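Read-outs throughout are calculated quantities, based only on the coordinates presented, and are distinct from any laboratory measurement. This is a predicted model, so every value here is computed, not measured. Here Cβ is always computed from backbone atoms with ideal geometry, including for glycine, and neighbour counts include all displayed protein chains.
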Amino acid sequence: SGLIVSFGEMLIDFVPTVSGVSLAEAPGFLKAPGGAPANVAIAVTRIGGRSAFVGKLGDDEFGHMLAGILREKGVVCEGINFDKGARTALAFVTLRADGEREFMFYRNPSADMLLKPEELNLELIRSAKAFHYGSISLIVEPCRSAHLKAMEVAREAGALLSYDPNLRLPLWPSAEEAREQILSIWEKSDIVKVSDVELEFLTGSDKIDDETALTLWRPSIKLLLVTLGEKGCRYYTKDFRGAVDSFHVKTVDTTGAGDSFVGALLSKIVDDHSIIEDEVRLREVLRFANACGAITTTKKGAIPALPTEEDALRLIRENH
Ligand code: ATP
């Protein structure tokens, strides 16, 4: 199957060993590999697809540990650079009372932010059938220029461009800057996926409906998706729109659900981009992506919870 190249950050989340405590109260932390683009790359291979990760890690124990995890999961690592000076990014993560995650980042600057355009493995990017990215790599130079160049090269090579902003507001200088920069590559993306929280942030409207979603619509977009947690997702194309329900599961940790959803979606359309234009086939793919997202919430952490194709098909069969 076609190669899916995922571009951006990979880092280590430090997660309290007990839940419901503040960072200061936490008695200890567990390392959890993360970074949305890296999660997407692993979600793809877990389902049986082919993926590569492009980004920069610190030339330190954590950086080599993360690259080792990607390699072990079957992700092509020829697009990874190691920075001699800067450290691999870290984030301390707590779950707030309302279930949303809160992040405290150590990036001063971290290696991922220092990827330079001239360090890109262009041959690898040119071999992509789909190219996926977020918005964290847009925040600072030189990574921002590397991100824009990689998008351009992938586009010229005929890849489908897929964008999941993954808003991390504390990393931006201001909310206005975040909104402006996140939207600056909207028109350059074929697939755009936002969560309900991001929809609200980007539009300024707390009404999660078609009217609000369509303010994010642009004629250049092939598929706009809004994910709604346990309520599934909504989809918008130039010809049709609708919603696909998710599945009832015992949710313990939603980390990585969106990345699993994106990995599943890309795996199913990478070899036939025209599925996007066929509502019946697209709905089937979104049902599969919802199943993958749902399963990812049933275990702690993102990567350990990512499903195989069999796992997702079983959940779909059980709910037929
Ligand atoms: P993340 O937590 O990775 O940032 P996200 O906010 O980008 O995720 P979500 O909307 O939480 O994305 O989840 C993506 C998809 O996963 C949803 O569209 C849905 O299909 C599935 N999903 C997420 N949470 C649940 C849940 N509690 N029950 C069932 N399905 C879920």
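Details
- Once the chain from Glu25 to Arg314 is taken as fully extended at 0.36 nm per residue, the excess over their C-alpha distance is 100.0 nm.
- Peptides ranked, highest mean first, by Cβ atoms within 10 Å: ranges 309-316, 24-31: 309-316, 24-31
- Taking the DSSP bridge list for the stretch 148-260 and keeping only pairs wholly inside it, about 55 percent are antiparallel.
- With a threshold of 22 Å on the Cα-Cα distance, the over-threshold entries among Lys73/Lys222; Lys56/Lys149; Lys116/Lys268; Lys31/Lys299; Lys129/Lys188 are Lys73/Lys222; Lys116/Lys268.
- Most simply put, the stretch 3-68 has about 55% antiparallel DSSP beta bridges, counting only bridges with both residues inside it.
- Computed label-point distance, nm, for sites Ala175 and Ser145 using a 7 Å Cα→Cβ extension: 3.2 nm
- Each residue, Thr215 and Arg155, gets one label point 7 Å from its Cα in the Cβ direction; the gap between the two is 2.5 nm.
- Note on Phe105 and Val249: the model spin-label points, each 7 Å out from Cα along the C-beta direction, lie 2.7 nm apart.
- Candidates Leu23, Leu306, Leu266, ranked by Gaussian network fluctuation over the chain, Cα under 10 Å, top entry: Leu23
- The chain - share of DSSP beta bridges that are antiparallel (%, nearest 5): 40 percent
- Among 46-55, 190-199, the order from most to least packed when residues are scored by Cβ within 10 Å on average: 46-55, 190-199
- Once the convex hull of all Cα atoms in the stretch 54-207 is built, its volume per residue stands at 129 Å³.
- Kirkwood hydrodynamic radius of the chain, from inverse mean 1/r over distinct Cα pairs, in Å: 19.5 Å
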